[in-house]
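**Q** After the structure tokens below, expect a handful of questions from me.
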Amino acid sequence: MLIALASTDAKISRCFPVMQWLRPHLEAAEFVERVQRQLQEGYQLAYLEDGGKIRSVAGFRIQEMLAWGKILYVDDLVTSDTDRSHGYGGQLFDWLVEHARANGCKELHLDSGVQRFAAHRFYLRRRMDISSHHFSLKL
């Protein structure tokens, strides 16, 4: 098993089939370009590979906020539908926590859609707190 950061076009592209489970609106043809643009803004894409196949993916950024100080914010955390309940998501989550600590972060944050009940159970088992509501306005 390997957990690493995807920085090359080839590695980013290999993450797309897993990311698509969480972000079905994304298209393969534009995925690498979008991730590369976000990399320029501090986004990072981690993946867990086992048996030559990418099983879980996490997009995240390290940022400093007035509200919380230095944090690791998880934009995306997903395990392939066929690979769920095998511990891959938990291992990648634990890697994110350690990566946050190693980079001087005080907290790890993420938002999760209100309909994602299985994800919420996962986060609560990882001792995360529901600390706020996220609001959005389409423009």
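The values are calculated or read from the model by the stated rules, or taken from the named source; none is laboratory data. As the structure is a computational prediction, the values presented were derived from the model and not from experiment. Backbone-built Cβ (ideal geometry, glycine too); neighbour counts: all protein chains shown.
**Q** Go through the range 81-121 and give me each residue that's closer than 26 Å to Gln63 by Cβ, modelled with pLDDT under 80 and hydrophobic (A, V, I, L, M, F, W, C).
**A** Once the filter is applied, which keeps residues that are closer than 26 Å to Gln63 by Cβ, modelled with pLDDT under 80 and hydrophobic (A, V, I, L, M, F, W, C), the range 81-121 yields Val114, Ala119.
**Q** Mind listing whichever residues of the range 88-116 are within 15 Å of the chain's Cα centre (by Cα) and small (Gly, Ala, Ser)?
**A** Of everything in the range 88-116, those that are within 15 Å of the chain's Cα centre (by Cα) and small (Gly, Ala, Ser) turn out to be Gly89, Gly90, Ala100, Ser112, Gly113.
**Q** Scan the range 27-50 and report the pairs whose first residue is among the charged types (D, E, K, R) and whose second residue is part of a helix (DSSP H, G or I) and surrounded by 15 or more Cβ atoms within 10 Å (Cβ to Cβ), with Cβ atoms within less than 8 Å and a gap of 6+ or a chain change.
**A** Asp50/Tyr88
**Q** Right, here's the next one. What pairs come up if the first residue lies in the range 2-15 and is within 17 Å of Asp50 (Cβ to Cβ), the second is charged (D, E, K, R) and in a helix (DSSP H, G or I), and their beta carbons are under 8 Å apart, counting only those six or more places apart or on different chains?
**A** Close Cβ pairs (under 8 Å, with a partner that is charged (D, E, K, R) and in a helix (DSSP H, G or I)) amount to Ala4/Lys11; Ala6/Arg14.
Residue-wise test of (1) under 28 Å from Glu107 (Cα atoms); (2) touching a Lys or Arg at 6+ places or on another chain (Cβ under 9 Å); (3) not hydrophobic (A, V, I, L, M, F, W, C).
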residue: Ala6; (1), (2), (3): yes, yes, no
residue: Pro17; (1), (2), (3): no, no, yes
residue: Leu26; (1), (2), (3): no, yes, no
residue: Ala29; (1), (2), (3): no, no, no
residue: Tyr43; (1), (2), (3): yes, yes, yes
residue: Ala58; (1), (2), (3): yes, no, no
residue: Met65; (1), (2), (3): yes, no, no
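**Q** Same structure, new question: Which one of the conditions (1) among the aliphatic types (A, V, I, L, M); (2) modelled with pLDDT under 95; (3) over 22 Å from Pro24 (Cα atoms) does Ile71 fail to meet, given that it meets all the rest?
**A** (2)
**Q** When Gln38 is evaluated against the numbered criteria (1) modelled with pLDDT under 95; (2) under 21 Å from Met19 (Cβ atoms); (3) polar (S, T, N, Q), which criterion, by number, is the only one it fails?
**A** Unmet for Gln38, out of (1) modelled with pLDDT under 95; (2) under 21 Å from Met19 (Cβ atoms); (3) polar (S, T, N, Q): (1).
**Q** Among the residues of the range 49-95, which ones are closer than 22 Å to Asp9 by Cα, among the hydrophobic types (A, V, I, L, M, F, W, C) and not in a strand (DSSP E or B)? I'd like the intermediate steps shown before the answer.
**A** Kept after step one, since they are closer than 22 Å to Asp9 by Cα, are these residues of the range 49-95: 49-62, 74-80, 92.
Now restrict to residues that are among the hydrophobic types (A, V, I, L, M, F, W, C): 54, 57-58, 60, 62, 74, 77-78, 92.
Residue satisfying the conditions is Leu92 alone.
**Q** Identify, please: which residue in the range 1-22 is at pLDDT 95 or above and assigned to a loop (DSSP other than H, G, I, E, B) and is, among those, surrounded by the most Cβ atoms within 10 Å (Cβ to Cβ)?
**A** Of the range 1-22, the ones at pLDDT 95 or above are 2-6, 8-20.
Subsequent filtering for residues that are assigned to a loop (DSSP other than H, G, I, E, B) retains 6, 8.
On the way: Ala6: 21, Thr8: 11.
Top of the filtered list is Ala6.
**Q** So is Arg127 assigned to a loop (DSSP other than H, G, I, E, B) and within 27 Å of Met1 (Cα to Cα) or not? Walk me through it before giving the result.
**A** Working: assigned to a loop (DSSP other than H, G, I, E, B): yes; within 27 Å of Met1 (Cα to Cα): yes.
Taking the combined requirement at face value, the residue satisfies it.
**Q** Can you find even one residue in the range 39-48 that is assigned to a strand (DSSP E or B) and under 14 Å from Asp83 (Cβ atoms)? Spell out the reasoning first.
**A** Looking only at the range 39-48, we keep the residues that are assigned to a strand (DSSP E or B), and these are 43-48.
So of that shortlist, the ones also under 14 Å from Asp83 (Cβ atoms) come out as 47-48.
There is at least one residue in the range 39-48 that is assigned to a strand (DSSP E or B) and under 14 Å from Asp83 (Cβ atoms).
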